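In what follows, a structure is listed as structure tokens, so that the remarks can point back to it.
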Amino acid sequence: MVTSVQPLHIWMYGECYLRFSTQIFNLENFHESLHLTNHAVQCKYANYTQRDKSLPEQNMWDSNIFKNYLKDIGKPTVWDDIIFPGLRENIIGTMLACQDTMDRRANTFELYGADFMLGEDFQPWLLEINSCPDLSPSTNVTRRMCPQCLQDVVKVMIDNRRNPSADTGQFRLVYKQNLPKPPLYLGMSLLVRGRRLFKTKKAKSKESKEKLTLLQDITDATINRQFPKLSPVSDYNGPVIKDFIEDIIHAPSMESSGYEFIPALPSTSAKKKHSSKHERKSKRTRER
């Protein structure tokens, strides 16, 4: 189960199940009943009378029964040393490979079903990963396991989010991606003090565009109180910043469909300076 795409968080369920064929394996016969162990395929065929009697009637084991089988054949550590680590590595590697193409939606999750085949050396081979796994109670094993899995999904997505120490059932976080913090391009803090924009109601005329209005003026006292002390502009007055400002000044005006972007309103002190400058200019004009 993936609970976050960027950064990538992968959870694995602690229990799984094994499927068996109704027929005896044979590489000289490629009939589906010998090689496709899906329940939708195997339910069409009767169990072969000469196959191993220890195989389950419904052709499915859960992982606990399989672990007991490994102990009976003298391989008690194979699951923890080979099988489960192989399952984990295949799943993590596959998810990392397709991370860039996955939908990055917050507050969502995706439950996947991974199909593997075990070799004679017990190494798991990944066959496919399904985004919509079958959770129907087709056998006694899935009838017990699938509802429990869905209950544990709720524990991860709801309980664990509210309380990180909450029980997550049989889900375990097997991979948590750490994104490195990108270094500052200029080696300095370029903090931008923004102001919130609000939409006004559309005008009755169809030709008029939506306009964005600003709230009341922000005073210098409010700026100094709500924002940390910043370095003076002269500290950032390097060649890169100068070139960047010149590019902005000479850039052509861009209009966004349905919006008109207006510059941020000056602070009260800037308005006073602008007003006094305008009055001096008007006075000089009258004297002339």
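The values are calculated or read from the model by the stated rules, or taken from the named source; none is laboratory data. Everything quoted here is computed from the prediction, not taken from an experiment. A quick note on method: Cβ atoms are made from the backbone with ideal geometry, for glycine too, and the neighbour counts reach across all protein chains shown.
A few comments on the model shown:
- Residue check for ASP134: within 30 Å of THR37 (Cα to Cα), in the same structural domain as TRP61 (by TED's automatic domain parsing) and either outside any loop (DSSP other than H, G, I, E, B) or not polar (S, T, N, Q) (or both): yes
- Against the test of being touching a Ser or Thr at 6+ places or on another chain (Cβ under 7 Å) and either closer than 30 Å to SER4 by Cβ or in the same structural domain as MET12 (by TED's automatic domain parsing) (or both), the options GLU120, GLU110, GLU89 yield a single qualifying residue, GLU110.
- Criterion (within 24 Å of CYS149 (Cα to Cα) and of a type in the set (S, T, N, Q)) met by exactly one of ASN38, ASN29, ASN47: ASN38
- For ILE91: the one exception among (1) outside any loop (DSSP other than H, G, I, E, B); (2) at positive phi: (2)
- Restricting segment 119-133 to residues that are in contact (Cβ under 8 Å) with a residue 40 or more places away in the chain and at negative phi, the residue that is farthest from the chain's Cα centre (by Cα): GLN123
- Tabulated pairs, segment 37-66, first free of Cβ contacts under 8 Å to residues at least 24 places away in the same chain, second exposed (fewer than 15 other Cβ atoms within 10 Å of the Cβ), C-beta under 6 angstrom, 6+ apart or interchain: VAL41/GLU32
- Applying a threshold of 9 Å to beta carbon distances and a minimum spacing of six or more residues, or different chains, the list of pairs starting in segment 147-166 at a residue that is in the same structural domain as PRO137 (by TED's automatic domain parsing) and ending at one that is among the acidic types (Asp, Glu) reads GLN148/GLU15; CYS149/GLU15; ASP152/ASP167; LYS155/ASP167; ASP159/ASP167; ASN160/ASP167; ALA166/ASP159.
- Residue in segment 107-129 that is under 20 Å from GLN170 (Cβ atoms) and among the β-branched types (Val, Ile, Thr) present: yes
- Residues that are surrounded by 14 or more Cβ atoms within 10 Å (Cβ to Cβ), among the small types (Gly, Ala, Ser) and either in a loop (DSSP other than H, G, I, E, B) or within 37 Å of the chain's Cα centre (by Cα) (or both) within segment 15-58 comprise just one, SER21.
- Among the residues of segment 20-28, at least one is acidic (Asp, Glu) and over 30 Å from PRO85 (Cβ atoms).
- Residue list for segment 63-88, filter: in a loop (DSSP other than H, G, I, E, B) and β-branched (Val, Ile, Thr): ILE73, THR77
- Test: residue in segment 29-43 that is closer than 24 Å to GLN177 by Cβ and aromatic (Phe, Trp, Tyr): no
- Qualifying residue in segment 81-104 (condition: loosely packed, with under 13 Cβ neighbours inside 10 Å, among the acidic types (Asp, Glu) and in contact (Cβ under 8 Å) with a residue 40 or more places away in the chain): yes
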